[in-house]
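Trainee: Have a look at this one.
Readers should treat all values here as calculations from the given coordinates under stated rules, not as data from a laboratory. Predicted model, so just to flag it, every value in this text is computed and none were measured. Cβ placement follows ideal geometry from the backbone for every residue including glycine, while neighbour counts extend to all protein chains displayed.
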Amino acid sequence: MHYSFDFMSVFVNWPRLLEGAWLTVQLSALAIVLGFVLGTLCALADKSKIWLLRALVKTYVEIIRNTPLLVQVFLVYFGLASIGLKLSAEFSAVIALTVNVGAYTSEIMRAGINSIHPGQIEAAECLGMSRFHVYWHVVLLPAVERVYPSLTSQFILLMLASSITSQISAEELTATANLVQSETFRSFEVYVVIALAYLALSFLFRAAFWMIGKASFVRKRKLGTNL
């Protein structure tokens with residue numbers, strides 16, 4: 001069987017692919033920020049003395065972690081539309097990705113918070129620190145520092161998983177690749193290029209997180225500890 005490779009038919013569509021890659025970055029970055037906030041709040045709520053709040057958080061985490069992301073995307077996009085709340089594909093994608101990564105971030109942050117020795121909190125309270133400053137300086141910042149590599153890996157996985165949103169016509173990188181493939185009939189060439197594009201995005205995100213870690217965690221930077 002003879003097959004003639006033709007990557008030029010893919011490269012001539014580079015502006016469209018670049019636009020799709022940029023939308024992938026935007027969707028992922030927004031979902032990462034919102035998901036981190038949501039996950040951190042859930043992790044703190046899981047330490048609450050209010051049993052109903054803890055039960056709600058655990059239920060949310062278990063439901064999200066035990067259902068496919070694709071189903072969650074469909075529920076947001078088609079489910080909300082069926083009750084009269086019509087959202088754009090991109091907005092629905094951000095909501096679904098945020099809800100998904102929030103559950104995983106909650107578990108990662110919970111582990112980080114649990115790693116803080118109760119004696120440190122008691123010592124901070126004895127020094128007269130406010131409850132906010134205790135949670136911010138003694139609990140949250142050290143917790144994030146300890147689990148930062150795990151958070152980084154989870155957020156990169158989220159960026160790669162954003163390709164699923166192509167199923168609701170969010171015009172990110174995979175959706176654009178599907179359109180180019182349907183026009184050029186060069187499936188192999190298109191998806192080889194897209195695989196390399198996702199690989200490049202992964203390295204880009206990892207470098208960005210590395211720089212954020214270096215800027216945020218002064219103690220590790222002074223000790224020369226790898227993030």
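Each row is one residue, and each column tells you yes or no for (1) loosely packed, with under 14 Cβ neighbours inside 10 Å; (2) among the polar types (S, T, N, Q).
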{"position": "ASN114", "(1), (2)": "yes, yes"}
{"position": "ALA124", "(1), (2)": "no, no"}
{"position": "LEU157", "(1), (2)": "yes, no"}
{"position": "ALA175", "(1), (2)": "no, no"}
{"position": "SER187", "(1), (2)": "yes, yes"}
{"position": "VAL192", "(1), (2)": "no, no"}
{"position": "ALA195", "(1), (2)": "yes, no"}
{"position": "LEU201", "(1), (2)": "no, no"}
{"position": "SER216", "(1), (2)": "no, yes"}
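Trainee: Among the listed residues LEU44, LEU56, LEU17, which satisfies the condition of being surrounded by fewer than 16 Cβ atoms within 10 Å (Cβ to Cβ) and under 22 Å from the mean Cα position of the chain (by Cα)? Before the answer, list the steps.
Mentor: Details: LEU44 fails: surrounded by fewer than 16 Cβ atoms within 10 Å (Cβ to Cβ); LEU17 fails: surrounded by fewer than 16 Cβ atoms within 10 Å (Cβ to Cβ).
Residue meeting the stated conditions: LEU56.
Trainee: Turning to a different aspect of this structure: Report, ordered by the first and then the second residue, all pairs with beta carbons closer than 8 Å, sequence separation of six or more or different chains, a first member in the stretch 153-176 that is over 19 Å from VAL193 (Cβ atoms), and a second member that is crowded, with 20+ Cβ neighbours inside 10 Å and of a type in the set (D, E, K, R).
Mentor: THR165/GLU172
Trainee: Checking SER150 against (1) part of a helix (DSSP H, G or I); (2) surrounded by 18 or more Cβ atoms within 10 Å (Cβ to Cβ); (3) under 17 Å from the mean Cα position of the chain (by Cα); (4) in contact (Cβ under 8 Å) with a residue 24 or more places away in the chain, which single condition isn't satisfied?
Mentor: (2)
Trainee: Pick out the one residue from VAL25, VAL76 that is closer than 22 Å to GLU172 by Cβ, in a helix (DSSP H, G or I), touching a residue at least 40 places away in the same chain (Cβ under 8 Å) and out of contact with any strand residue (DSSP E or B) (no Cβ under 8 Å at 6 or more places or on another chain). Steps first, please.
Mentor: On the way: VAL76 fails: touching a residue at least 40 places away in the same chain (Cβ under 8 Å).
Only one candidate passes the filter, namely VAL25.
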